[in-house]
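Computed from the coordinates by the stated procedures, all read-outs in this text should not be read as laboratory data. On a predicted model such as this, the values are computed, not experimentally measured, just so you know. Glycine gets a Cβ as well: all are built from the backbone with ideal geometry, and neighbour counts include every protein chain shown.
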């Protein structure tokens, strides 16, 4: 018994003298944009062309890949590789990429996909591949009306961006702004909205009245802005989805500088009465107005 | 019952003592670093690089003039003689030396210096001694052995490395430099968070990766740690791109298990 215990003790002592693993600290790296290959999305046989207004888009798969590429290029975090250097065909690459070929052109990530367009439906499937590790990172499919193909391209960009950087993408977002046209003496200021890449510009007002300071609701599709109503600056509320527009509150004086609260439930604005301006908040649903500065 | 309690107590105390003795941090002796010796490297040229000082030249000229102007007495200076102790008796060796000096002072036309002495053909043959060459070769062997011994000694430059890792400073730097070039940091990492990814590698003798393992694997799937997964993937990608790693050709046992600590914090702090 004692011999056994002694043996265990000896083992215990010798176990401590085990050799340590060699450790190397890597504290530097390069901050170059990640080289990414966006293969044109393969359009399946039997697919129809996409009609967008007067335009007819023939190869929507290639267009989607171009939008994704431009998004990545503009972000500054990715370096989309030139399509001339791609060796593999898009349809085969989507099934199983030859990673050695993609490694040759120094790509670290690869996007492949396929598109199927019918009369009133578009189905886009995409895969993101880790070229270095030779494995799939994400695979998703989206279906919508054919006119929304650009939006699908932005959503794919968002998904890839999030997977590769860990941050949420911003590509599927829109910008609201004041568009100015006409000569210097007679400017037309219209409220306009566009995609973050400058496409799909839509005008929300006619340009009869001056518009200023448009602000998006952080939670939904509401927009608040300042416009003139009966020669007085007033805060407006506009629902982009329905197009309904209304004046916020019926105040005797002028209201201006509107903003949404972070939760999107209230509007904060200035209200001037008898030459004295105060800050008010208004609940969007109940329309209860509160003064926050005495 | 009492015996068993007693035995248990004894063995527990022995166990505690052994643990205390064998704990690695207690065993570690303080690092005895040799004192730092600062060395200035100077390039030796034929001409001095010190700029010509005009003031110094003027003062030198003044001193020369003064020396010329100084009145020198025609009287010869008294001859210097060695002061000898009266009771000093010269030793026999000293006497011999004195005699030799006297002989040299004499004009001796037969005396030829060793360097310029010309040897006849017969003499040259006599001078060639193969044993001497053998001795020289042996000597050179001894010298190389000495230098090898010297190289094996721990020098100041690689003291830190020999303690922390099995690689020398230059070997570690070569490996670091290789991975620095391959590691593309994901941009958009959060500040002030733990951005350390530890990857354990099992290497082949040629430096290719046999197996890689992320040590904090559990952290990848924790909520709010999405960035960690991206960072770990980028580190793994860097290792794969860098393959085969620049490892030393010898000492495979030392570096076959390698741990790379990718720390993005220092990079972000700039």
Discussion item. I need the peptides B:180-191, A:198-209 ranked by packing, meaning the mean over residues of other C-beta atoms within 10 angstrom, with the highest value on top.
Written reply: B:180-191, A:198-209
Worksheet item: Beyond 20 Å, what percent of the Cα pairs of the stretch A:174-291 remain?
Response: 42
Worksheet entry | Förster-model FRET efficiency, 45 Å R0, residue A:274 and residue A:83, C-beta, rounded to 0.05 | 0.10
Fill in: Among beta bridges that DSSP assigns inside chain A, antiparallel share in %, nearest 5
90
Worksheet, complete the sentence: Ratio for the stretch A:251-294, C-alpha Rg to 2.2 N^0.38 Å, reads 1.11
Item to complete: With everything on Cα atoms, drop me the angle between helix A:60-75 and the longest principal axis of chain A, reported from 0 to 90° to the nearest 10.
Response: 90
Fill in: Kirkwood hydrodynamic radius (C-alpha pairs) into Stokes-Einstein, the stretch B:164-265, 4 °C and 1.567 mPa s, D in µm²/s
91
Worksheet item: In which sequence would A:47, A:261, B:170, A:65 go, from the one with the fewest C-beta neighbours within 10 Å to the one with the most?
Response: B:170, A:261, A:47, A:65
Worksheet item: If you take all C-alpha pairs in chain A, what percent of them are over 36 Å apart?
Response: 44
Worksheet item: How many nm is it between the label spots at residue A:289 and residue B:180, if each spot is 7 Å from the Cα in line with the beta carbon?
Response: 6.4
Worksheet item: What percent does the relative contact order of the stretch B:164-265 come to when contacts are Cα pairs within less than 8 Å and at least six residues apart?
Response: 43
Worksheet item: Build a GNM of chain A with springs between Cα atoms under 10 Å: which of A:214, A:233, A:262 gets the top mean-square fluctuation?
Response: A:262
Worksheet item: Which whole number gives the average count of other chain Cβ atoms within 10 Å of the Cβ atoms across peptide A:161-168?
Response: 6
Worksheet entry | Sorted by Cβ neighbour density within 10 Å, fewest at the top, the residues B:217, A:94 | B:217, A:94
Worksheet item: Looking only at other chains, what is the average number of their beta-carbon atoms within 10 angstrom of each beta-carbon in B:183-191?
Response: 6
Item to complete: Mind giving me the FRET efficiency for residue A:177 and residue B:193? R0 is 45 Å, r the Cβ-Cβ distance, nearest 0.05 is fine.
Response: 0.80
Discussion item. Rounded, prolate or oblate for the stretch A:200-239? Axes are the square roots of the Cα gyration tensor eigenvalues, ordered a ≥ b ≥ c, and the cut-off for rounded is a/c under 1.5.
Written reply: oblate
Practice prompt. Evaluate Rg over Rh across the stretch A:34-165, taking Cα atoms for both radii and Kirkwood's formula for Rh.
Written response: 0.96
Discussion item. Sort A:83, A:184, A:51 by Cβ crowding within 10 Å, fewest neighbours at the top.
Written reply: A:184, A:51, A:83
Worksheet entry | Calculated FRET value between residue A:203 and residue A:8, using beta carbons and R₀ = 60 Å, to 0.05 | 0.10
Item to complete: State the antiparallel share, in %, of DSSP beta bridges confined to the stretch A:34-165, rounding to the nearest 5.
Response: 70
